[in-house]
1. Taking the stretch 140-161 as the search range and keeping residues that are part of a helix (DSSP H, G or I) and touching a residue at least 40 places away in the same chain (Cβ under 8 Å), which one is nearest to residue 73 (Cα to Cα)?
2. Can you say whether residue 39 is at pLDDT 95 or above, over 15 Å from the mean Cα position of the chain (by Cα), surrounded by fewer than 19 Cβ atoms within 10 Å (Cβ to Cβ) and not assigned by TED's automatic domain parsing to the domain that holds residue 151, as far as the supplied structure shows?
3. Could you look through the stretch 153-180, keep only residues that are farther than 30 Å from residue 70 by Cα and surrounded by fewer than 14 Cβ atoms within 10 Å (Cβ to Cβ), and pick out the one that is modelled with the lowest pLDDT?
4. Is one or more of the residues making up the stretch 77-96 over 18 Å from residue 138 (Cα atoms), in contact with a helix residue (DSSP H, G or I) (Cβ under 7 Å, 6 or more places away or on another chain) and modelled with pLDDT under 90?
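The values are calculated or read from the model by the stated rules, or taken from the named source; none is laboratory data. Keep in mind that what you see is a predicted model, and the values were worked out from it rather than measured. Positions of Cβ are generated from backbone atoms using ideal geometry, with glycine treated the same way; all protein chains shown enter the neighbour counts.
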């Protein structure tokens with residue numbers, strides 16, 4: 001990094017935290033930092049030939065995704081460890097909770113319930129097959145549009161739509177099996193993990 005150009009330094013400072021968060025969600029905390037460094041090294045090496053055919057963010061996330069998939073497909077890498085919700089991260093778009101009105105502060109109990117539910121959802125997303133997990137993380141957790149995801153994964157828009165549909169269906173089924181959803185006092189959705197005996201029933 002000592003020989004990094006000013007342009008790359010600006011890109012690194014802007015994107016490294018985002019890429020690290022994304023990779024943590026995708027492959028788990030244990031692998032994320034090494035893969036993030038690999039990805040940013042590839043960005044540095046490819047920057048002189050980058051001609052702007054894609055948005056810079058799309059190009060960088062494509063490199064990061066490919067680096068992550070290379071690592072996941074290695075024979076010595078097992079199932080990625082799900083990463084708990086991090087503070088100040090974007091909320092999931094899973095229609096499973098409602099945000100407090102502006103100016104209101106949720107109680108400690110409500111905050112704990114919502115954070116636990118987000119962690120639960122992220123855990124189940126982490127269990128999805130690779131192709132479904134990738135589109136779900138990019139869409140639901142990172143907030144990319146379907147067109148952006150198509151560019152990142154270098155697949156057609158229809159392929160992204162199909163994978164997202166199947167991923168959401170599988171996630172919904174897994175959540176119904178592993179979680180019990182209910183409404184709390186403020187009428188917001190909350191979830192409790194089902195005991196293993198109930199899941200097997």
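1. Going through the qualifying residues, I end up with 153.
2. In short, no.
3. Of everything passing the filter in the stretch 153-180, 180 is modelled with the lowest pLDDT.
4. yes
So that you can scan it fast, the table gives a plain yes or no per residue for (1) modelled with pLDDT under 70; (2) crowded, with 18+ Cβ neighbours inside 10 Å; (3) in contact with a helix residue (DSSP H, G or I) (Cβ under 6 Å, 6 or more places away or on another chain); (4) outside the structural domain of residue 68 (by TED's automatic domain parsing):
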site	(1), (2), (3), (4)
117	yes, yes, no, yes
127	no, no, no, yes
138	no, yes, yes, yes
149	no, yes, yes, yes
192	yes, no, no, yes
